[in-house]
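Have a look at the structure below, then the notes.
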């Protein structure tokens, strides 16, 4: 775990494509964005224990989108905390196990290190434990300290979250830093025109800190780097 700014905690590891989640502490309540890969949620629960916080302090779990790497711990964390689960309506039935996520090509489009993840999404393995979504999120909503942004492209219901007081952006998979800095994993972006528009919108925030779904957060030169992606 790394504290990027007051109340902004980054949790990540090598599984799921160096996947990351973000735990936000605001007004005595905790909000988690994405849930890492493991189905037991152990890394998030261990972080709550390390902080000396009861699991019930986790009030909200928001999902950037419904791909397995980000859903792994969802069901276990909801059981442990009683938190409400939030996602865009387009992703909800995937999260609830009623529909598979849209498949992607298995052909190389970027890095050979991404092929296992393309195969996993193409053939629907490993599966996540289904979990009900309590409330939908739309563009312009607020969730705790976060502004909600609908950023379709990677998937139709992709979301980003912005904490203005911290100049902190959670870009989801619209931006990645592993295996390289890019506007999401090319093979996984279902609509490339929408992805380009989403990156331009995120660049306009000029966030000083950018958390991404895959790879380490951007903590230096974030404004310039995201503008560079938007221009490219």
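The values are calculated or read from the model by the stated rules, or taken from the named source; none is laboratory data. Keep in mind that what you see is a predicted model, and the values were worked out from it rather than measured. We place every Cβ from the backbone using ideal geometry, glycine too, and count neighbours over all the protein chains shown.
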**Prompt:** Inside the range 35-50, can you point out the residues that are surrounded by fewer than 16 Cβ atoms within 10 Å (Cβ to Cβ) and outside any loop (DSSP other than H, G, I, E, B)?
**Reply:** 42, 46, 49, 50
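Results for (1) part of a strand (DSSP E or B); (2) under 23 Å from residue 35 (Cα atoms), shown as yes or no for each residue.
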position	(1), (2)
149	yes, yes
152	no, yes
162	yes, yes
196	no, no
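Across the range 208-225, which residue is surrounded by the fewest Cβ atoms within 10 Å (Cβ to Cβ) among those that are closer than 20 Å to residue 70 by Cβ and in contact with a helix residue (DSSP H, G or I) (Cβ under 8 Å, 6 or more places away or on another chain)? Before you say what the answer is, go through the steps one by one.
Start the filter on the range 208-225 by keeping residues that are closer than 20 Å to residue 70 by Cβ, which leaves 209-218.
If we keep only those that are in contact with a helix residue (DSSP H, G or I) (Cβ under 8 Å, 6 or more places away or on another chain) too, we end up with 209-210, 212-216, 218.
On the way: 209: 19, 210: 24, 212: 28, 213: 32, 214: 25, 215: 20, 216: 14, 218: 23.
Ranking the candidates gives 216 first.
Does residue 220 count as closer than 24 Å to residue 26 by Cβ and either out of contact with any strand residue (DSSP E or B) (no Cβ under 6 Å at 6 or more places or on another chain) or at pLDDT below 95 (or both)? It would help to see each step written out before you state the result.
On the way: closer than 24 Å to residue 26 by Cβ: no; either out of contact with any strand residue (DSSP E or B) (no Cβ under 6 Å at 6 or more places or on another chain) or at pLDDT below 95 (or both): yes.
Criteria not met by residue 220.
Go over the candidates 32, 11, 4, 24 one by one and state the one that is under 16 Å from residue 209 (Cα atoms), buried (at least 22 other Cβ atoms within 10 Å of the Cβ), modelled with pLDDT of 95 or more and in contact with a helix residue (DSSP H, G or I) (Cβ under 9 Å, 6 or more places away or on another chain). Explain how you work it out, then say what you get.
Values: 32 fails: under 16 Å from residue 209 (Cα atoms); 11 fails: buried (at least 22 other Cβ atoms within 10 Å of the Cβ); 4 fails: buried (at least 22 other Cβ atoms within 10 Å of the Cβ).
Result of the check over 32, 11, 4, 24: 24.
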**Asked** What number of residues within the range 213-226 satisfy the criterion of being under 26 Å from residue 62 (Cβ atoms) and in a helix (DSSP H, G or I)?
**Response** 4
**Request:** Starting from the range 218-232, take each residue that is under 15 Å from residue 178 (Cα atoms) and list its partners that are part of a helix (DSSP H, G or I), counting only C-beta distances under 8 angstrom and pairs at least six apart or across chains.
**Result:** 218/225; 218/226; 226/199; 226/202; 226/203; 229/199; 229/203
**Complete:** Exactly one of 135, 98, 91 is touching a strand residue (DSSP E or B) at 6+ places or on another chain (Cβ under 9 Å) and either modelled with pLDDT under 95 or surrounded by fewer than 15 Cβ atoms within 10 Å (Cβ to Cβ) (or both), and that one is 135
**Asked** Hey, among 114, 107, which residue is in a helix (DSSP H, G or I) and over 22 Å from residue 59 (Cβ atoms)?
**Response** 114
**Asked** Out of the range 67-81, which residues are touching a residue at least 40 places away in the same chain (Cβ under 8 Å) and either farther than 9 Å from residue 36 by Cβ or part of a helix (DSSP H, G or I) (or both)?
**Response** 67, 68, 69, 70, 71, 74, 75, 76, 77, 78
